[in-house]
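See below for the structure under consideration.
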Amino acid sequence: MKLKVISTGSIGNAYILENENEVLLIECGVNIMDIKKALNFDFSKVVGCLVSHEHQDHAKSFDEVMRLGITTYTGSKTTQVLNPDNFHRSMTISPKQIVKIGNFKVMAFDVQHDAVEPLGFIIEHPDCGKVLFLTDTNYCKYTFPGLNNIIIEANFSKEIIDRKFGPDSDKEFLRNRILKSHFSLENCKDMLAANDLSKVNNIVLIHLSDSNSNEKQFQSEVSELTGKNVTVARKGLTIDFNITPF
């Protein structure tokens, strides 16, 4: 299995899990042409597209993806907000519900974000094992046994935004919005520490803020904490994403 990063961050989010036989698209918050190019204009292997919530940096190409013959999976309230042209290609998934998408088994779970029905996903496949996908939340109340790979947001450092948006700043609203809607490095580390990582192969940090993060610091701190292979996502990145390193 390969993990491909089409794009990550506020500019747009889209990721691909792909082996020789099938592809799962996760998020479609970029121009549809970027998705087409990442798939080499071959959509026949794409079994579905997961969408965590309705914000444009995650759902920009929601309708266009379905026009390619790809079925989307997201919360029912998210579907109502996005109001797709292709309702027959738009499947809903509820928290704690498990759906089979090709050979992928996906369970959604609720997260906290300023969206109508934001979701995280546990994605299982024989090649990559159990994958946690967690983004755009300020807290996760769940832990997940038996994880093999993790894709997790580390949007900002509280130290950085405290320094930038402190008491003398006129940007308190922006600071509060960041704190309430995204996963900080500190929360990311707490989340990882709360889970059993003994079987984890990869940890991929996604959705880093352009101005409120430090890529080298984030990678170093998570690597030191977990002792795992930690990669910071960037546009065009492709890594092996198997159940074991071998």
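Observations
- Those residues of region 156-175 which are at pLDDT 70 or above and open to solvent by less than 100 Å² (accessible area, probe 1.4 Å), in sequence order: Phe156, Ser157, Lys158, Ile160, Ile161, Asp162, Lys164, Phe165
- Filter result (surrounded by 22 or more Cβ atoms within 10 Å (Cβ to Cβ) and out of contact with any Phe, Trp or Tyr (no Cβ under 7 Å at 6 or more places or on another chain)) within region 105-118: Val111, His113, Glu117, Pro118
- Residues of region 229-246 satisfying the condition of being in contact with a strand residue (DSSP E or B) (Cβ under 6 Å, 6 or more places away or on another chain), at pLDDT 95 or above and either surrounded by 15 or more Cβ atoms within 10 Å (Cβ to Cβ) or in a loop (DSSP other than H, G, I, E, B) (or both): Asn229, Val230, Thr231, Val232, Ala233, Lys235, Leu237, Ile239, Phe241
- Evaluation of Ala194 against (1) open to solvent by 50 Å² or more (accessible area, probe 1.4 Å); (2) under 21 Å from Ser7 (Cβ atoms); (3) in contact with a Ser or Thr (Cβ under 8 Å, 6 or more places away or on another chain) (one fails), failing number: (2)
- Annotation: of all residues in region 146-155 being in contact (Cβ under 8 Å) with a residue 60 or more places away in the chain and closer than 19 Å to Glu215 by Cα, the one that is surrounded by the most Cβ atoms within 10 Å (Cβ to Cβ) is Ala154.
- The set of residues in region 179-213 that are outside any loop (DSSP other than H, G, I, E, B), free of Cβ contacts under 8 Å to residues at least 60 places away in the same chain and not polar (S, T, N, Q) comprises Leu179, Leu185, Glu186, Cys188, Lys189, Asp190, Met191, Leu192, Ala193, Ala194, Ile203, Leu205.
- When region 68-93 is filtered for residues that are at negative phi and loosely packed, with under 15 Cβ neighbours inside 10 Å, the ones remaining, listed by number, are Ser76, Gln80, Asp85, Phe87, His88.
- Pairs are defined by a Cβ separation below 8 Å, a sequence spacing of at least 6 or placement on different chains, a first member in region 229-243 that is within 16 Å of Leu205 (Cβ to Cβ), and a second member that is open to solvent by less than 20 Å² (accessible area, probe 1.4 Å) and of a type in the set (Phe, Trp, Tyr); the pairs so defined are Val232/Phe218; Ala233/Tyr15.
- Residue within region 216-228 that is part of a strand (DSSP E or B) and either aromatic (Phe, Trp, Tyr) or surrounded by fewer than 16 Cβ atoms within 10 Å (Cβ to Cβ) (or both) present: no
- Residue identified as modelled with pLDDT of 95 or more and either under 15 Å from the mean Cα position of the chain (by Cα) or buried (at least 22 other Cβ atoms within 10 Å of the Cβ) (or both) among Thr135, Thr143: Thr135
- With respect to (1) under 15 Å from the mean Cα position of the chain (by Cα); (2) at negative phi; (3) in contact (Cβ under 8 Å) with a residue 60 or more places away in the chain, the lone exception for Phe218 is condition (1).
The values are calculated or read from the model by the stated rules, or taken from the named source; none is laboratory data. Predicted model only: the values in this text are computed from it and were never measured. A quick note on method: Cβ atoms are made from the backbone with ideal geometry, for glycine too, and the neighbour counts reach across all protein chains shown. Heavy atoms of the whole protein, side chains included, go into the accessibility calculation; ligands, DNA and RNA do not. Shrake-Rupley method; radii C 1.70, N 1.55, O 1.52, S 1.80 Å.
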